[in-house]
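**Q** Sharing a structure here in structure tokens format.
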Amino acid sequence: MSELTTPPAGPTLAPPSFDLSADQQETLASADEYARRELYPLAARMDKEEWWPAEAFANLGTQGYLGITVPERYGGAGADLFTSALVLQAFARWNHALGLAWVAHDNLCVNNIYRNANEELRRRYLPGLCSGELVGALGLTEPGAGSDALGSMRTTARRQGDHYLLNGSKLYITNGPVADVLLVYAKTAPERGPQGISAFIIEKEFEGFRVAQKLTKMGFRGSQTAELVFTDCRVPTANLVGSENGGVAVVMSGLDLERAMIAPLCLGIAERALELALEYSQSREQFGRKIAEFQMIQAKLAEMYVAVETTRTFTYRVLAAANDLEIGGGGRGHIHALTAASVMYASEAMNRVLSEAVQVHGGTGYIWESEVNRLFRATKLLEIGAGTTEVRKLIISGELLGRVL
Ligand SMILES: Cc1cc2nc3c(=O)[nH]c(=O)nc-3n(C[C@H](O)[C@H](O)[C@H](O)COP(=O)(O)OP(=O)(O)OC[C@H]3O[C@@H](n4cnc5c(N)ncnc54)[C@H](O)[C@@H]3O)c2cc1C
């Protein structure tokens, strides 16, 4: 089965959303056009070989698609979170693995640095991250610290003169193997638990830092994932982001924005899966008829459509709510529950859409090289990353019941 290098002009799935302004519609349309032309042709090789398209990623900077939420004085686009979500939605339709790499760079790393770092660090790192010269990543998860990332964190940072010495490891770090700049969390006062965590900017050349292994994934292949190890890694004290032991606010606020931003990744994937199912159902014939003429296929298409439309509505609503989150805000209250609900809903809806899209494709959908199969293998990750579905439920119920997670 051969992979299309240029996608067919499929049916327009959705009319312009009533709640998007003309500018937002234009952002979505132009990012879609760019991704379809420039990023889609890379997707098959990324999936096949876990290949990293370094040049294409750097070009995103040239095109103004990096540092979307960063002010222009640091080299960014000076736009808001909602705008960056529309870019991600479009990228996810045509190359969701690159979309994941993009969100790790632009939201987890760059937006967090912009929101939390001092002026000197912003000026040192943001221009390169916005131009595409530097790739960013965020390291929170560890081998023994996943859902309990803060409580179980083992990586430590011990101050020694004008440096900190970092020791420990980070696991499943998106962009880890290719990142030049990493925002990393470590315990500066382990005895204080989550209140003893600090955030640091690490450069890949820092002594004592290494990529221990590149991990092979079932989906989102081509987005690079790594285990990172720090052995007496020397980090200048100037690279502390925020205050010492103030990392928990950086993490929690960042995680709310990350959750709001994972929903458009789900949305873009689900939109493309529905589009493929629509196309296939109108071309494949069995029993002398297009399969789209069978009511059971029509029911699947209708259910997929409802899942996509409800995801779109909820995703945009929550993004609008998170758009003006003040620095240090979030990590508690209504927005904490809402962003957890958004990503929980979007990832589960996407999984249903992907499953039905493969079913509509029959055997074709089970073949690795088919586009719908590549999309199908995106299932599960977005129920795991940025806090699992179970953790999202704990957050939502905790807010409803007035408990602190
Ligand atoms: C491809 C990929 C990319 C990633 N990218 C990044 C990245 O860029 N940066 C980063 O820092 N991290 C990243 N992660 C890590 C991700 O955020 C974690 O995998 C996630 O938080 C879950 O942690 P864990 O895998 O250790 O699972 P665990 O925490 O061990 O959970 C295992 C199971 O137990 C359940 N569980 C745990 N605690 C509870 C509880 N209290 N109640 C009920 N159930 C519970 C979980 O929901 C899950 O079902 C990535 C992961 C993957 C797979």
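**Q** Which percentage, to the nearest 5, of the DSSP beta bridges contained in the stretch 116-194 is antiparallel?
**A** Bridges in the stretch 116-194 are about 55 percent antiparallel.
**Q** Residues with amide H under 5 Å of residue 139's amide H, sequence separation 5 or more or different chain, H placed in the peptide plane at 1.01 Å from N; which?
**A** 183, 184, 185
**Q** How large is the Kirkwood hydrodynamic radius of the stretch 136-176, in angstrom, based on all distinct alpha carbon pairs?
**A** Details: mean 1/r = 0.0900 Å⁻¹.
After inverting the mean inverse Cα-Cα distance, the result is 11.1 Å.
**Q** Give a residue-ordered list of calculated ³J(HN,Hα) values for the stretch 231-247 (Karplus: 6.51 cos²θ - 1.76 cosθ + 1.60, θ = phi - 60°; whole Hz; x for Gly, Pro).
**A** Going residue by residue, I get 10, 6, 5, 8, 10, x, 4, 4, 8, 6, 9, x, 8, 4, 6, x, x Hz, with x marking Gly and Pro.
**Q** Would you please give the residues with an amide H less than 5 Å from that of residue 164, counting only those at least 5 places away or on a separate chain, with H modeled from the backbone geometry?
**A** 235, 237
**Q** Give me the percent of Cα-Cα pairs in the stretch 69-221 that sit more than 28 Å apart, rounded to a whole number.
**A** Values: 2549 of 11628 pairs.
When all Cα pairs of the stretch 69-221 are counted, 22 percent exceed 28 Å.
**Q** Now for a separate question. Given 0.36 nm per residue, what is the gain on full extension from residue 148 to residue 390 after removing their alpha carbon distance, in nm?
**A** Working: separation 242, 0.36 × 242 = 87.12 nm, distance 1.20 nm.
Here the answer is 85.9 nm.
**Q** May I have the extent of the alpha carbons of the stretch 256-405 along their three principal axes, as whole Å values ordered from largest to smallest?
**A** That gives 60, 26, 25 Å along the principal axes, largest extent first.
**Q** With just the Cα atoms defining each centre, how far is the stretch 380-405 from the stretch 236-310? Give it in Å.
**A** Taking the Cα centre of the stretch 236-310 as reference, the centre of the stretch 380-405 is 18 Å away.
**Q** Sticking with this one: Quick one: what are the phi-derived ³J(HN,Hα) couplings along the stretch 264-273, Karplus 6.51/-1.76/1.60 with θ = phi - 60°, whole Hz, x for glycine and proline?
**A** x, 5, 4, 4, x, 5, 5, 4, 5, 5
**Q** Given the Cα-Cα distance of residue 317 and residue 131 and 0.36 nm per residue of separation, how much length would full extension add, in nm?
**A** Values: separation 186, 0.36 × 186 = 66.96 nm, distance 3.03 nm.
Value of the extension gain: 63.9 nm.
**Q** Can you list the residues, at least 5 places off or on another chain, whose amide H is less than 5 Å from the amide H of residue 222, using H built in the peptide plane?
**A** 50, 51
**Q** Now, a different point. Consider just the alpha-carbon atoms of the stretch 187-327 and return their Rg together with their Dmax, both in angstrom.
**A** So, for the stretch 187-327, Rg and Dmax equal 23.3, 72 Å respectively.
**Q** From the phi of every residue in the stretch 214-225, what ³J(HN,Hα) in whole Hz does the Karplus formula 6.51 cos²θ - 1.76 cosθ + 1.60 yield, where θ is phi - 60° and glycine or proline is x?
**A** 9, 9, 9, 10, 7, x, 6, 6, x, 6, 8, 9
**Q** Could you compute the longest span of the chain free of chymotrypsin sites (Phe, Trp or Tyr not before Pro) located in DSSP loops and having at most 12 other Cβ atoms within 10 Å, not counting the site residues? Write out the running numbers ahead of the final one.
**A** Working: sites that count: 18, 287, 368.
It runs 19-286.
**Q** Counting residues in the stretch 45-134 as N, plug N into 2.2 N^0.38 Å and put the Cα Rg over that result.
**A** Details: Rg = 12.8 Å, N = 90, 2.2 N^0.38 = 12.2 Å.
In units of the 2.2 N^0.38 Å rule of thumb, it is 1.06.
**Q** Quick check: the angle from helix 22-34's long axis to the longest principal axis of the chain, C-alpha only, nearest 10 degrees?
**A** For 22-34 against the chain, the angle is about 80 degrees.
**Q** So how tilted is helix 295-322 from the main axis of the chain? Cα-based, degrees 0 to 90, rounded to 10.
**A** So the helix axis and the longest Cα principal axis differ by about 30 degrees.
**Q** Decide, for the stretch 70-120, between rounded, prolate and oblate: order the square roots of the alpha carbon gyration tensor eigenvalues as a ≥ b ≥ c, take rounded if a/c falls under 1.5, and otherwise choose prolate if a/b is larger than b/c, else oblate.
**A** Details: a/c = 2.85, a/b = 1.87, b/c = 1.53.
Since a/c reaches 1.5 and a/b is larger than b/c, the shape of the stretch 70-120 is classed as prolate.
**Q** Given a Förster distance of 41 angstrom, what is the FRET efficiency for residue 327 paired with residue 213, based on the Cβ-Cβ distance and rounded to 0.05?
**A** Numbers: r = 35 Å, r/R0 = 0.85.
According to the calculation, E is roughly 0.70.
**Q** Taking the number of other C-beta atoms within 10 Å as the exposure measure, put 300, 170, 204, 290 in order starting with the fewest.
**A** Working: 300 21, 170 27, 204 18, 290 15.
Lowest to highest Cβ neighbour count: 290, 204, 300, 170.
**Q** Express the Stokes-Einstein translational diffusion coefficient of the stretch 270-348 in µm² s⁻¹, to the nearest whole number, given a Kirkwood radius over alpha-carbon pairs, 25 °C and a viscosity of 0.890 mPa s. Kindly include the intermediate steps, with their values, before the conclusion.
**A** Numbers: Rh = 14.8 Å.
Estimated via Stokes-Einstein, D reaches 166 µm²/s.
**Q** Now for a separate question. On the Cα set of the chain, report Rg and Dmax in Å, please.
**A** 21.0, 79
Values quoted throughout were computed directly from the atomic coordinates according to the rules given, and no laboratory measurement underlies them. All values derive from a computational prediction rather than experimental measurement. Backbone-built Cβ (ideal geometry, glycine too); neighbour counts: all protein chains shown.
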